[in-house]
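Input: a single structure, listed below in structure tokens.
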Amino acid sequence: MLDEAIRNKVWKIAESYYPKNDWAHGRSHIERVIRSAVEIGKQEGADIEVIELAAILHDIFVKYEYNIQHREAHSRADGFRHEIEAAKESRRILGKLGISDATIDAVAHCIEAHRKRSSSEPQTIEAKCLFDADKLDCIGAIGVTRSAFVSFEHGQEFYKEETDIEAYKRKNVRADGTIIDFRLHSSNLEYELSLKEVAKRMHTKTGRRLSEERAAFMDAFYERYAEELKGRL
Ligand SMILES: [Fe+2]
Ligand SMILES: [Fe+2]
């Protein structure tokens, strides 16, 4: 279990990085991820201290990355990666708080490997728990709401009728799966390209179990949305 005084100190630092009033990327996302990650971690027999530290810090640069993408659409083939920068910054933050090197290494790995479009795969049980918890927040009722929030934030349409998904990928998705121009993207395209597959990418037994119902809800939501749009429902 994470020491209460350390938890408070890490939160105090982390909060200054997170956007205020941002339901999708701010404190509420982090709190949901902590709850799921700790729950999965208990079921999987993982180190809860590592999981909690990593969960608090995993997205400290996500908004920074979004802002760059927003400003510099088309300008860079390999942009800023929030998981890599957050892992580096977390090493500095936790080092100053006197956390052991072994814990810092374990936390940094969790953060580096937390992303669907990550540069590295989660190798430890703690990293797998964080990955699964973070992905649970992308699917189900919360996932749909979050996707809508992100869509509007980027000035996108919520739903774009795209019949040729491969042509869209060639036009607006890099080889590593990241989006080139966010303005051309939408919630349903994100679902088609990525969110639809999230449940299949879970790393733990608990994560897989929890993701099934959420994924089924999300599939049904986008199917229904398409039908309503066609005027059939
Ligand atoms: Fe992230
Ligand atoms: Fe996250």
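Per-structure values
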| read-out | value |
| --- | --- |
| Residue count for region 186-215, restricted to those that are in a loop (DSSP other than H, G, I, E, B) and at pLDDT below 95 | 1 |
| Residues within region 125-153 that are within 15 Å of residue 222 (Cα to Cα) and not in a helix (DSSP H, G or I), tallied | 2 |
| Which listed residue is closer than 23 Å to residue 17 by Cβ, surrounded by 13 or more Cβ atoms within 10 Å (Cβ to Cβ), free of Cβ contacts under 8 Å to residues at least 40 places away in the same chain and in contact with a helix residue (DSSP H, G or I) (Cβ under 9 Å, 6 or more places away or on another chain), from 90, 151 | 90 |
| Top-ranked residue of region 20-53 - restricted to ones that are part of a loop (DSSP other than H, G, I, E, B) and surrounded by fewer than 16 Cβ atoms within 10 Å (Cβ to Cβ), ranked as farthest from ligand 2 (Cβ to nearest atom) | 45 |
| Verdict on residue 158 being within 15 Å of ligand 2 (Cβ to nearest atom) and of a type in the set (Phe, Trp, Tyr) | no |
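The values are calculated or read from the model by the stated rules, or taken from the named source; none is laboratory data. Keep in mind that what you see is a predicted model, and the values were worked out from it rather than measured. All Cβ positions, glycine included, derive from the backbone under ideal geometry; neighbour counts span all protein chains shown.
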